[in-house]
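Encoded as structure tokens, the structure appears first; notes follow it.
Rule-based calculations on the coordinates, nothing more; no lab input. Since this is a predicted model, take the numbers as computed values, not measurements. Cβ placement follows ideal geometry from the backbone for every residue including glycine, while neighbour counts extend to all protein chains displayed.
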Amino acid sequence: MNLLADLTDGAVEDAAQRELTRPLADVERAALAQVPARDALAFLAPGERVKVIAEVKRASPSRGDLAGIPDPAHLAALYEQGGASAISVLTEGRRFKGTLADLEAVKARVGLPVLRKDFIATPYQVLEARASGADLVLLIVAALDQPVLAELFELIGQLGMTALVEAHSADEVDRAAELGARLIGVNARDLTTFEMDRDLFGRLADRIPADATKVAESAVLAPADVAHYRSAGADAVLVGEALVTGDPVATLRSFLEA
């Protein structure tokens, strides 16, 4: 089974169910009424130290339940205290046990850019993200053909948000670059099989355009992993499991010092 296709199909089905009670026009009005999105590229700009996108993550298909997280906003505040540069909130409900309410709560608490991390494949989901206060939206290249990817990327920009465009191969990095993406992630986890390749970022980093911020995703469990990615050219790392299963502040600070 292609797990990415399964996850994307499920997320689209769930969004279609929400649309029955909250039509597209209503979501669009709410999105346009939001205060302007925070400039995520400014928060994540390359610097002397690696930046951390800290994730609110209850569960995953590969590891099952990770943490209950009864108060996502409190966890996000700890991430901000620990030195995170942005907060990622998983809003997929079937396998990751997240909700848009989690994103809204986090946005209301912190002064950092907030990423909607989900399996986005429709304009409705992008508008939902902005209506809920998201500053960034994840687009997974492997889940989308290029015309749809380009359409969603353009809509994210029109709404004042930033797209984190995620790749897992040289071809996918090239497709992200073709869009003009300024924030490109390389996920060590193959979302079609959930197998991990910790060295993938290093093999693809030079292919990412020089004017794009480079984000290493997955396989970040210890300071040594952060140092590994940093030495391979990462400007930022996205971390979930290590933060929700340990002391978030202490762990974050150890990563930033790596």
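Suppose every K and R has +1 on its Cβ and every D and E has -1 on its Cβ; what is the size of the dipole of the chain about the Cα centre, in Debye to the nearest 20? Mind dumping the intermediate values first?
Numbers: 26 positive and 39 negative charges, 134 e Å.
Roughly 640 debye, rounded to the nearest 20.
Hey, can you list the DSSP H helices of the chain whose Cα span along the axis is 27 Å or longer and whose average Kyte-Doolittle score is at least -1.0? Write out the running numbers ahead of the final one.
Details: long enough: 3-21 (28 Å, -0.04).
For the chain, where a helix must reach 27 Å along its axis and average at least -1.0, the hits are 3-21.
From the helices alone, meaning DSSP H stretches of at least four residues, give me the mean residue ellipticity at 222 nm for the chain, per-run term -39500 (n - 2.57), in deg cm²/dmol to the nearest 500. Before the final figure, lay out the partial values.
Working: 12 runs with 113 residues, N = 258.
Theoretical 222 nm ellipticity from helices: -12500 deg cm²/dmol.
Once you order the gyration tensor axes a ≥ b ≥ c over the Cα atoms, which shape class does segment 3-256 get: rounded for a/c under 1.5, otherwise prolate or oblate by comparing a/b with b/c? Write down the numbers at each step before the final one.
Working: a/c = 1.38, a/b = 1.18, b/c = 1.17.
Note, shape of segment 3-256 comes out rounded.
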